[in-house]
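Beneath this line is the structure, given in structure tokens, with notes to follow.
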Amino acid sequence: MNKINLLNRLRLSLLGVVYFIGLFTPNSHAGDYTDAPEIKSGIPLKTFIPTDRIKSYLTPEQPPAAAETLFKQDHPLDFVLDGKFYGNLQYRYEHVDQSGFSKDATASTFRSRVGYVSGVYKDFQGAVEVDHIGTIGTSRYNSTLNGKSQFPVVADPHTTELNALWLKWTGLPDTAVKFGRQPINLDNLRFIGTVAWRQNDQTYDGVVFKNDTIRDLKFAKNLRFFYSYLYQVNRIFGHNSPQGKFKGDIHLGRIEYEVLPNQTFVAYTYWLDFDRHNNFATEAISTKTYGLRFFGNLPLNNDFKLIYQIEGARQHDLGNNPNDFSLSYYHVAPGIAWRTLSFEAGIESLGSNGTQSFSTPLATLHAHNGWADKFLVTPQDGLQDRYLKLKYVTAGFGPWIDNTVIQLIYHDFNSVKGTANFGNEWNASITRDFSGQQLSLPAFIKKVSLGLKYADYDAKSLSTDTRKGWFWAAVTF
């Protein structure tokens, strides 16, 4: 089936699903968790120019009574003039000491992100966002594009990217349909994410349909639907990189159901049918995955609660993948929380048949299996990650210390097939967000973020000893 016919069928299917769900949902618009977080803040255009006056100039003369209501009703100019600018500036210093390299990597990078999200007219809204990543000071690192292979990799190449360009329609209750380039983050980012840890985001080109809540059906309360068809993934390496894109037919489906307050069940299926691109054999990671996830917490008393996540999935080959396989994945992580202190013990397994291993190429991989990023590709014999995680959010120490997030994590990595011990890793971080008001900054600055982070991978049978350290500072407006 060619892509035009496929898109036509998808368009008709989406309209049918949208109409059906609209029959049963209350009359309110859906939120959009695929938007960049900066969109929630932003600086209205009217801060800089008299938008009401522009509307009056560009609108035919109105009688007095009509003039009073002119700006209370939908107006075509609302789409542009009721919009707002938003952005984020982030500096990060990264140091990598990796065995096998005679020189350490030091990357001093800066990202400037600016965007404009329109107002809403006739249930339509749009946005455009651009990122620029460059260096300030030292650039003694292998960015994957700069040819400095004598240094370890820090995958933050110098680039300017169109990070978002989308049009969203919310004309049916609790429903949003978004077309264009956009970020997508699902669940815990194990399968689908924007890789937001790196300076350049991973973004997705296609259409997203979602319905946030069906409340009126007796058999289904607090039910959310998500479906997306994508034809291109824009990866963190940038548009100048030969590995900067995945192309193909990608279908993402997800249903979320809140069984009880703070206890959520998710069913998902992700079909990633990649085409060969720039001579990279991406068809070899074409897969279809079906999974279930259950997570939440159970209060024991006013101070203590049990926390948990349980997940299982099955993955098969898809499309032109030359391999034939069926692989398992599971993740079990019980824990306990006392006030703002939590402890979690987990085991995550990405299976293998001895030749192929379970893969998640669109995940935010940095968030899983250690911050040293030694398992961005699952080893051929699979990966079992047994970990302990301690997290504390400071409270009761005063406004300048409260809400500081401290994390300590230990990983033990082993194979699924065989008895290989790959290595172990320690991770530690301390982060803090301040409001612009708290720091007496101009009103348009919404947040200042600071962070320190460290990873220490001790290799046994896979890769080499690696130590990484980071400092970053970011401003959101």
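The values are calculated or read from the model by the stated rules, or taken from the named source; none is laboratory data. As the structure is a computational prediction, the values presented were derived from the model and not from experiment. Methodologically, a virtual Cβ is constructed for each residue, glycine included, from the backbone with ideal geometry; neighbour enumeration extends over all protein chains shown.
Answer yes or no: is there a residue in segment 433-444 that is under 17 Å from P379 (Cα atoms) and touching a Pro at 6+ places or on another chain (Cβ under 8 Å). Spell out how you get there, then give the answer.
Of the residues in segment 433-444, the ones under 17 Å from P379 (Cα atoms) are none.
Taking every residue of segment 433-444 in turn, none turns out to be under 17 Å from P379 (Cα atoms) and touching a Pro at 6+ places or on another chain (Cβ under 8 Å).
If you scan segment 358-373, which residues turn out to be aromatic (F, W, Y) and closer than 22 Å to A284 by Cα? Before the answer, list the steps.
Restricting attention to segment 358-373, the residues satisfying the condition of being aromatic (F, W, Y) are 358, 371.
Matches in segment 358-373: F358 only.
With the structure loaded, tell me whether L252 is more than 30 Å from N297 (Cα to Cα), in a strand (DSSP E or B) and hydrophobic (A, V, I, L, M, F, W, C) or whether it fails that test. Outline the logic, then answer.
Numbers: more than 30 Å from N297 (Cα to Cα): no; in a strand (DSSP E or B): yes; hydrophobic (A, V, I, L, M, F, W, C): yes.
No: the conditions fail for L252.
I'm told G451 meets every condition in (1) assigned to a strand (DSSP E or B); (2) touching a residue at least 60 places away in the same chain (Cβ under 8 Å) except one. Can you identify the failing condition by its number?
So the condition that G451 fails would be (2).
For segment 111-125, which residues satisfy the criterion of being buried (at least 19 other Cβ atoms within 10 Å of the Cβ) and not in a strand (DSSP E or B)?
S118, G119
(1) surrounded by 16 or more Cβ atoms within 10 Å (Cβ to Cβ); (2) within 20 Å of D97 (Cα to Cα): which one isn't true of G382, the others all being true?
Of (1) surrounded by 16 or more Cβ atoms within 10 Å (Cβ to Cβ); (2) within 20 Å of D97 (Cα to Cα), only one is false for G382: (2).
Which residues, counting only those in segment 92-110, are closer than 25 Å to D456 by Cβ, in a strand (DSSP E or B) and not polar (S, T, N, Q)? Walk me through how you get there before you give the answer.
Filtering segment 92-110 for residues closer than 25 Å to D456 by Cβ gives 92-109.
Subset that is in a strand (DSSP E or B): 92-98, 105-109.
Selection gives R92, Y93, E94, H95, V96, D97, A105, A107.
Taking segment 435-448, which residues are surrounded by 16 or more Cβ atoms within 10 Å (Cβ to Cβ), part of a strand (DSSP E or B) and out of contact with any Leu (no Cβ under 7 Å at 6 or more places or on another chain)? Spell out how you get there, then give the answer.
Within segment 435-448, the subset surrounded by 16 or more Cβ atoms within 10 Å (Cβ to Cβ) is 436, 441, 445-448.
Among the residues that remain, those that are also part of a strand (DSSP E or B) are: 447-448.
Within segment 435-448, just K447 meets the criteria.
Which residues, taken from segment 213-240, are outside any loop (DSSP other than H, G, I, E, B), more than 20 Å from R293 (Cβ to Cβ) and modelled with pLDDT under 95? It would help to see each step written out before you state the result.
Kept after step one, since they are outside any loop (DSSP other than H, G, I, E, B), are these residues of segment 213-240: 213-214, 217, 220, 223-234.
Next cut, more than 20 Å from R293 (Cβ to Cβ) only: 217, 229-234.
Residue satisfying the conditions is L217 alone.
Being assigned to a strand (DSSP E or B), touching a residue at least 60 places away in the same chain (Cβ under 8 Å) and over 30 Å from Y270 (Cβ atoms): is that true of R467 here? Outline the logic, then answer.
On the way: assigned to a strand (DSSP E or B): yes; touching a residue at least 60 places away in the same chain (Cβ under 8 Å): yes; over 30 Å from Y270 (Cβ atoms): yes.
Yes: the conditions hold for R467.
Say we look at segment 90-110 and pick out the residues that are of a type in the set (D, E) and farther than 27 Å from F477 by Cβ; which of these is surrounded by the most Cβ atoms within 10 Å (Cβ to Cβ)? Explain how you work it out, then say what you get.
As a first pass, look at segment 90-110 and keep what is of a type in the set (D, E): 94, 97, 104.
Keeping just the survivors that are farther than 27 Å from F477 by Cβ gives 97, 104.
Working: D97: 16, D104: 14.
So, considering only residues that are of a type in the set (D, E) and farther than 27 Å from F477 by Cβ, the one surrounded by the most Cβ atoms within 10 Å (Cβ to Cβ) is D97.
Of everything in segment 260-287 that's surrounded by 17 or more Cβ atoms within 10 Å (Cβ to Cβ) and in a helix (DSSP H, G or I), which residue is modelled with the highest pLDDT?
Restricting to residues being surrounded by 17 or more Cβ atoms within 10 Å (Cβ to Cβ) and in a helix (DSSP H, G or I), the top hit is I285.
From the residues in segment 301-342 that are among the aromatic types (F, W, Y) and within 24 Å of the chain's Cα centre (by Cα), which one is farthest from Y268 (Cα to Cα)? Break it down into steps so the answer makes sense when it comes.
Going through segment 301-342, the residues among the aromatic types (F, W, Y) turn out to be 304, 308, 325, 329-330, 338.
Adding the requirement that they be within 24 Å of the chain's Cα centre (by Cα) leaves 308, 329-330.
Numbers: Y308: 19, Y329: 13, Y330: 14 Å.
Checked segment 301-342; the qualifying residue farthest from Y268 (Cα to Cα) is Y308.
Enumerate the strands (runs of 3 or more DSSP E) found wholly within segment 318-402, keeping only those where 1 or more residues are at pLDDT 95 or above, small (G, A, S) and under 30 Å from F434 (Cα atoms). Give the derivation first.
Values: elements: 326-338, 341-350, 383-393.
It comes to 326-338, 341-350.
Is it true that K210 is within 18 Å of the chain's Cα centre (by Cα), touching a residue at least 12 places away in the same chain (Cβ under 8 Å) and part of a strand (DSSP E or B)?
Values: within 18 Å of the chain's Cα centre (by Cα): yes; touching a residue at least 12 places away in the same chain (Cβ under 8 Å): yes; part of a strand (DSSP E or B): yes.
Here the answer is yes, as K210 does meet what is asked.
Among the candidates T419, T364, single out the residue that is within 30 Å of G351 (Cα to Cα), buried (at least 20 other Cβ atoms within 10 Å of the Cβ) and either more than 24 Å from the chain's Cα centre (by Cα) or among the hydroxyl-bearing types (S, T, Y) (or both). Let's see the steps before the verdict.
Numbers: T419 fails: buried (at least 20 other Cβ atoms within 10 Å of the Cβ).
Just one listed residue meets the conditions, T364.
If you take the residues in segment 60-98 that are β-branched (V, I, T) and modelled with pLDDT of 60 or more, which one is nearest to T464 (Cα to Cα)? Don't jump to the end; show me each part of the working.
Of all residues in segment 60-98, those β-branched (V, I, T) come to 69, 80, 96.
Within this subset, residues satisfying the condition of being modelled with pLDDT of 60 or more are 80, 96.
Working: V80: 53, V96: 12 Å.
Checking each candidate, the answer is V96.
Could you count how many residues in segment 223-246 are surrounded by fewer than 17 Cβ atoms within 10 Å (Cβ to Cβ) and over 22 Å from L365 (Cβ atoms)?
Residues that pass the stated criteria total 0.
Identify, please: which residue in segment 139-162 is touching a residue at least 60 places away in the same chain (Cβ under 8 Å) and either among the hydrophobic types (A, V, I, L, M, F, W, C) or not in a loop (DSSP other than H, G, I, E, B) (or both) and is, among those, surrounded by the fewest Cβ atoms within 10 Å (Cβ to Cβ)?
Top of the filtered list is L145.
To keep it simple, each residue is scored yes or no on (1) out of contact with any Pro (no Cβ under 9 Å at 6 or more places or on another chain); (2) within 16 Å of W470 (Cβ to Cβ); (3) among the charged types (D, E, K, R).
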{"position": "T109", "(1), (2), (3)": "yes, yes, no"}
{"position": "S118", "(1), (2), (3)": "yes, no, no"}
{"position": "V130", "(1), (2), (3)": "yes, no, no"}
{"position": "T138", "(1), (2), (3)": "yes, yes, no"}
{"position": "Y141", "(1), (2), (3)": "no, yes, no"}
{"position": "Q150", "(1), (2), (3)": "yes, no, no"}
